[in-house]
Amino acid sequence: MADDREPPPLFNNVEIDQRDDDNEDLFSSAIDVDVGVLDGDGQGPFNGTSEAPKLHLSQDVPDLDIVQVDRPAPAPQAKPLDELEKECGDQFIEVTVTEPQKLGEGMGAYVAYKVITKTNMPIFRKRSFSVMRRFSDFLGLHDKLVEKYLRMGRIIPPAPEKSVIGMTKIKMSNQAEQGSSAEFVEKRRASLERYLNRTAAHPILGVDPDFREFLETDMELPKATNTSALSGAGVMRLFNKVGETVNKITYKMDESDPWFEEKTQQIENLDTQLRKLHASVETLVLHRKDLALLTSAFAKSAAMLSNCEEHTSLSRALSQLAEVEEKVEALHNEQANADFSVLCELLKDYIALIGAIKEVFHERVKVYQNWQHSQQMLNKRREQKAKLELSGKPDKGNQASVEVVEWEAKVDRGQEEFDNISKMIKKEMERFEVNRVKDFKAIIIQYLENLMTHQQQLIKYWEAFLPEAKAIA
């Protein structure tokens, strides 16, 4: 039987055997240290009758109130997180990313950002504070949140994408050439600010210890070397993504929940339409910039014509027309920038969020795969046990019985994990839909207001020029 052990789990990041150790530690701590591990109904993770008296004995400790006061917050467990989510309803946190500055020289240079936080949440030490953070710190924070909460079914707001070309230009540029990289830095600053505020708005991620440390600790964080594309961890991430992609293509889950089946199709359709709209808005921005360039060329031509025009009133009208066209050019550029910053960036953020939702859905599929793997191994162990009992080998039969019990526990845990992640995804999707409608409403209103403001300004320019045109005689 030594060679007849179970095969490894389907994914390296799922350690089925480790759950046994965790549960044993949890059980022993419930007896020896604290009753805070118990569920709300006073029951632990084991249902055996022999352990039940031990769990009830721990409830007779006289100073339970003192034990509950020292409970750490927040821990990534269902009950404390739910309580925190309810408590954070009337509180706010606002994060601003500003003052990007280049530090260092050559290929070792990087851009640091000032992160200013304002909040009324008592979990923070101050009401207003600021720290300096580099881009890799943001990526390191995202990796920590994914590691802790993705397996639970939480939708983790995606961090801004890395740009090797953009950063290389910044690293190799001198002080006089930094103007060409200013647009890239500003776009990144704005995307980092949106990322932090989206994370802070989450009732659980916003109070996470790592997130609070990122905002509060006024010192340089340990360098997140794993975020580098050329690091060993970066290469491993690349291989893991390839494996994940292959698994998504080759494995099709037999979906039993119609909600997930419908929501998966809805997410795919939403992703497709958002990408089309994003491409259209990008084209609109390019056309507005082209219109601004053509308007500038027209203004210069009108100015040159006014210089060689002998008719006084016509020359004056052409000169003022050139001035108006220059103002119109500025309006077109402002409108193009507004279209990009308001519409384009929102659509880009939501396309990335759709990707995060797909990751959570795939995480559920992986949990289901491991549950089914445990079920298959349980069936094999039961078959082996039956064969050993029929062959009259009691010693090996006892060992097989132990293995059957172990795999039964793993199956139960797998089913419980699958049920929990399914419930959490439904809860997260409800929150996502509410925020999506709210965000798009605000952005559409802001876009229309900007458009109307520019059009009204355009009308004022032409109304002011009209008397001069009528005065041509």
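The values are calculated or read from the model by the stated rules, or taken from the named source; none is laboratory data. Every value quoted in this text rests on a predicted model; they were computed, and no experiment measured them. Areas reflect the complete protein model, heavy atoms only, side chains present, ligands, DNA and RNA absent. Shrake-Rupley method; radii C 1.70, N 1.55, O 1.52, S 1.80 Å.
By accessible area, using a 1.4 Å probe on protein heavy atoms only, region 257-472 has 56% of its surface on carbon and sulfur. Per residue, the solvent-accessible area of region 257-472 (1.4 Å probe, heavy atoms of protein chains only, all protein chains present) comes to 56 Å².
Among Leu353, Leu458, Leu466, the order of accessible area from largest down is Leu466, Leu458, Leu353, computed with a 1.4 Å probe on protein heavy atoms. Which of rounded, prolate, oblate describes region 93-146, given a ≥ b ≥ c as roots of the alpha-carbon gyration tensor eigenvalues and a/c under 1.5 marking rounded, otherwise prolate only if a/b is larger than b/c? Oblate shape, in that a/c is at least 1.5 and b/c is the bigger or equal ratio. Of the cross-linked pairs Lys144/Lys252; Lys148/Lys366; Lys252/Lys380; Lys187/Lys348; Lys118/Lys348, those separated by over 19 Å at the C-alpha level are Lys144/Lys252; Lys252/Lys380; Lys118/Lys348.
Please state, as a whole number in µm²/s, the translational diffusion coefficient that the Stokes-Einstein equation yields for region 257-472 at 37 °C and 0.692 mPa s, with Rh defined as the Kirkwood radius across alpha carbon pairs. Approximately 140 µm²/s, per Stokes-Einstein.
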